[in-house]
1. When ranked by the protection proxy of mean other Cβ atoms within 10 Å per residue, highest first, what sequence do the peptides 8-14, 85-91, 71-77 form?
2. What accessible area per residue, rounded to a whole number of Å², is obtained for region 2-188 using a probe radius of 1.4 Å?
3. Stokes-Einstein D for region 2-188 at 25 °C, 0.890 mPa s, Kirkwood Rh over Cα pairs, in µm²/s?
Amino acid sequence: MNIDLHTGARAFAMASMSLDRIAMSPAFRVEQFEPKIKKGSWFLTREGKWWVKYPTEECRAIVETAQDRLPKDRSFVFFDDAKSDRANCLRAGYFAKRMAVRFRKLFSELDKRSWLNEKTRIYALGDGLYFDGKPIHLFRHTMAQYYLAVTNWSLAYVASLGGWENTEILNKCYGGIPEHIKAQIARSLHVKFDTMNLNTAAMIQSIKF
């Protein structure tokens, strides 16, 4: 769950993570395979696209802990290598479904009355679609909301990290940059042309020399 909250991976991308696609240095990097994005790459019999992601140091600590607990000859993070792409694809799918059942049960036991307010509750829980039908996908939406907030709505960065092909999707689905963030950014910017001499005569004179 923690890795998913840092990478925003869809269910299959999360379930099929392989250890040889995780690098701790020189920069912490995770590669996840998204079959939803058909780009001509193949992994475990499915067509899609590899996404290179650079999660936070907190995520690195989680991954390192997971690696230390796994057998040294392990190929995949969440299941043993069945020695065939087809079998491994089935194992990844089975793991994703099993985790969905587990999260669905956990979500059903939450005290929804304890949430801060109605808006927060709707934002996090939605209309029940993800809680009841696609609980793992809920982490993808949570990741988007959280990372947009902590990066002052850096749409390009969050799109790259989470595996969205463009910022249009984030802008449409998550509301775009809030007005108070635009105002905050404007107050913090100090660009060079604010102090330029805009006197026309002075500018012409400087160009001559």
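1. On the way: 8-14: 24.9, 85-91: 15.7, 71-77: 13.1.
Those peptides, ordered most packed to least, come out 8-14, 85-91, 71-77.
2. Details: 10940 Å² over 187 residues.
That works out to 59 Å² for each residue.
3. Details: Rh = 17.9 Å.
After rounding, the answer is 137 µm²/s.
The values are calculated or read from the model by the stated rules, or taken from the named source; none is laboratory data. These numbers were taken from a predicted model, which means no experiment stands behind them. All Cβ positions, even for glycine, are placed from backbone atoms using ideal geometry, and neighbour counts span all protein chains on display. When the accessible area is computed, the model is the full protein with side chains, heavy atoms only, and any ligands, DNA or RNA have been set aside. Shrake-Rupley method; radii C 1.70, N 1.55, O 1.52, S 1.80 Å.
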